[in-house]
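Okay, structure first, notes after.
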Amino acid sequence: PIRGPVLGLEASCDETAAALLAPDGTILAEAVRSQLAEHTPFGGVVPEIAARAHLAHLPALAAQVMGQAGVRPAELGGIAATAGPGLIGGLIVGASFGKGMAIAHNLPFVAVNHLEGHALTARLPLLRQTGVVEGEVAFPYLLLLLSGGHCQCVAVEGLGRYRRLGSTLDDAVGEAFDKSAKLMGLPWPGGPALEKLAASGDPMRFPLPRPMLGRPGCDFSFSGLKTAVAQLVPKLENEQDRADLAAAFQRVVAVVLADRARNALAMLPDATAMVVAGGVAANQGVRAALAAEAGRAGLPLVAPPIRLCTDNAVMIAWAGIERLRAGLTDGLDHAPRPRWPL
Ligand code: KG4
Ligand code: ZN
C-alpha cells in the first residue's frame, strides 16, 4: 500500500508543474507555471531558458502544493518525476529535485515517462467523479496523443503495456497548427489563435490537401498541409480570407484525425474507449470530429478537462500512483532520457 500522498513533478518542456495526489488518486493540490512569457520573444521554446526557469520555479511550486494540502515531506508516500522524453535540461532539473526529496525523506522515487502520464490520465478518479467517464476507463483503450511535440495513436493495453499503432511521419499536429498559424501572421503558440480565427471562417472556401486520408494504417503527415497553407497565404487579401483559410485548415486536420482514429480503432477491436490528450485536444473542431468517430464505433470519447490534457503534474503523480500500486519504483541512479518511446 502507498503510505501517503504522492508528489508529482513535471519539467520536461515549457510548463513547470507540481501536484499532490492522495493514494486513491484524489487531487489534493496542483500548480502549473507556464513559461509562455519567457519563450514568446523567440517564437518557440528555448531549451536553456526552459531549464533555468524550471530551476527557478519548481521548488517553490512543490512547496506551494505541499503547503496548500498541509502535507509535510515526511508524510509523503512517494515522489514521481518526469524523466523523459523531453528537453534534457528540464528533465534533469525535475528528476534531480525529486531524487533530492526522496533521499532527504527516505521516500520511494518513480521516474515517469511523460507519455505514460498522458496515457493514464483517463483513469484518474476525478474523471469518474465529474462524469467525464462512467466507470473506470478499463484497458485496453485507444489513446490519441495530440500535442506540439507528439502525435501518436497508442493502444493502452495495461500499465506499462503500450503499443504504438501509428505516428507522424513529419510534423506533430500541434506543430502543424503552430507553423500554419505563424505563416498566417498569428502569435505563438498558434493553435488557440488559429481556432479563434477559424470561428468566423468558411471551411469550404479553400480546398486543402487531406494528407493520409483513406490510406491504410494510422500514421499522420502534416507537412504537405503546411506547404499548401504557405502557398495560399500571399493570396489572402483581408481578414475574412485569413479566417476562411484558418477554418479550412482546422477542418482538414479534424477530418484527417478522425480518419486515422477510425483505422486505429479497427486495429484495436476490443477497445473500451477513445481517449484524447495533448494541447490539440483543446480544439473544439477536433474534439467534435473525434467524438463523432468514437460514436460511430459505439465508444465514448474520453476528453479530460483541458488543464489535464496539456502538460501538468497531476498526470505524473497519477502515473506514479499506478506504478507504486504495482510495486514499481526506480533507483536514484535512474538517468533522464530525452528520447524515451513508450
Ligand atoms: O500538450 P501541449 O500543451 O504541449 C506539448 O506540446 O507537449 O500542446 C501544445 C500544442 C501547441 O502546438 C498548441 O498550438 C496546441 O497544442 N494547441 C492547440 C490548441 N490549444 C493548444 N491546437 C489547436 N487548437 C487549440 N485550441
Ligand atoms: Zn505533453
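The values are calculated or read from the model by the stated rules, or taken from the named source; none is laboratory data. All figures in this text were calculated on a predicted structure; none of them were measured in a lab. Here Cβ is always computed from backbone atoms with ideal geometry, including for glycine, and neighbour counts include all displayed protein chains.
Among the conditions (1) within 11 Å of ligand 1 (Cβ to nearest atom); (2) at positive phi, Gly185 misses just one, which is (1).
Could you say whether any residue in region 149-165 is within 16 Å of ligand 2 (Cβ to nearest atom), at pLDDT below 95 and surrounded by fewer than 24 Cβ atoms within 10 Å (Cβ to Cβ)? Within region 149-165, one or more residues are within 16 Å of ligand 2 (Cβ to nearest atom), at pLDDT below 95 and surrounded by fewer than 24 Cβ atoms within 10 Å (Cβ to Cβ). For region 292-342, the set of residues classified as surrounded by fewer than 16 Cβ atoms within 10 Å (Cβ to Cβ) and either assigned to a helix (DSSP H, G or I) or among the acidic types (Asp, Glu) (or both) consists of Ala292, Gly295, Arg296, Ile306, Arg307, Arg325, Asp333, listed by residue number.
Results for (1) more than 16 Å from ligand 1 (Cβ to nearest atom); (2) closer than 30 Å to Ser12 by Cα, shown as yes or no for each residue.
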| position | (1), (2) |
| --- | --- |
| Ser200 | no, no |
| Arg205 | yes, no |
| Asn238 | yes, no |
| Asp244 | yes, no |
| Gln250 | no, yes |
| Ala264 | yes, yes |
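Taking first residues from region 165-178 that are in the same structural domain as Val253 (by TED's automatic domain parsing) and among the polar types (S, T, N, Q) and partners that are in a loop (DSSP other than H, G, I, E, B) and within 14 Å of ligand 2 (Cβ to nearest atom), the Cβ contacts under 9 Å between residues at least 6 apart in sequence or on separate chains come to Ser167/His150; Thr168/His150. Checking each residue in region 132-148 for being away from ligand 1 (no atom under 16 Å from the Cβ) and modelled with pLDDT of 95 or more picks out Phe139, Pro140, Tyr141, Leu142.
The single condition among (1) within 21 Å of the chain's Cα centre (by Cα); (2) in a loop (DSSP other than H, G, I, E, B); (3) buried (at least 19 other Cβ atoms within 10 Å of the Cβ) that Ala193 does not satisfy is (2).
Return the residues of region 103-148 that are touching a residue at least 60 places away in the same chain (Cβ under 8 Å), among the aliphatic types (A, V, I, L, M), part of a helix (DSSP H, G or I) and away from ligand 2 (no atom under 16 Å from the Cβ); say none if nothing qualifies. Ile103, Leu126, Leu127 - these are the residues of region 103-148 that are touching a residue at least 60 places away in the same chain (Cβ under 8 Å), among the aliphatic types (A, V, I, L, M), part of a helix (DSSP H, G or I) and away from ligand 2 (no atom under 16 Å from the Cβ). Name the residues in region 274-285 that are more than 16 Å from ligand 2 (Cβ to nearest atom) and either part of a helix (DSSP H, G or I) or not hydrophobic (A, V, I, L, M, F, W, C) (or both), would you? Across region 274-285, the qualifying residues are Gln284, Gly285.
A residue that is out of contact with any Leu (no Cβ under 6 Å at 6 or more places or on another chain), in a helix (DSSP H, G or I) and within 9 Å of ligand 1 (Cβ to nearest atom) occurs somewhere in region 163-175. For Pro41, the requirement of being at pLDDT below 95, out of contact with any His (no Cβ under 9 Å at 6 or more places or on another chain) and more than 16 Å from ligand 1 (Cβ to nearest atom) is met.
Gly117 meets all of the listed conditions (1) within 20 Å of Ala261 (Cα to Cα); (2) surrounded by 24 or more Cβ atoms within 10 Å (Cβ to Cβ); (3) within 16 Å of ligand 1 (Cβ to nearest atom) but one, namely (1). When you check Ala271 against the structure, is it part of a loop (DSSP other than H, G, I, E, B), touching a Leu at 6+ places or on another chain (Cβ under 9 Å) and either closer than 30 Å to Ile79 by Cβ or in the same structural domain as Pro207 (by TED's automatic domain parsing) (or both), yes or no? When the stated conditions are applied, Ala271 passes them.
Looking only at residues that are more than 13 Å from ligand 2 (Cβ to nearest atom) and buried (at least 22 other Cβ atoms within 10 Å of the Cβ) in region 77-93, which one is nearest to Gln152 (Cα to Cα)? If you could, list the steps in order and put the result at the bottom.
Taking region 77-93 first, the residues more than 13 Å from ligand 2 (Cβ to nearest atom) are 77-81, 83, 88-89, 92-93.
This time we only want the ones that are buried (at least 22 other Cβ atoms within 10 Å of the Cβ), so: 78-81, 83, 93.
Numbers: Gly78: 30, Ile79: 28, Ala80: 24, Ala81: 22, Ala83: 20, Val93: 27 Å.
Checking each candidate, the answer is Ala83.
Cβ separations smaller than 8 Å between residues 6+ apart or across chains give the following pairs from region 309-323 residues that are more than 15 Å from His150 (Cβ to Cβ) to residues that are part of a loop (DSSP other than H, G, I, E, B) and among the aliphatic types (A, V, I, L, M): Val314/Leu124; Trp318/Leu124; Ile321/Ile2; Glu322/Leu159; Arg323/Leu159.
Being surrounded by 22 or more Cβ atoms within 10 Å (Cβ to Cβ), within 16 Å of ligand 2 (Cβ to nearest atom) and over 18 Å from Leu308 (Cα atoms) is a condition met by no residue of region 26-47.
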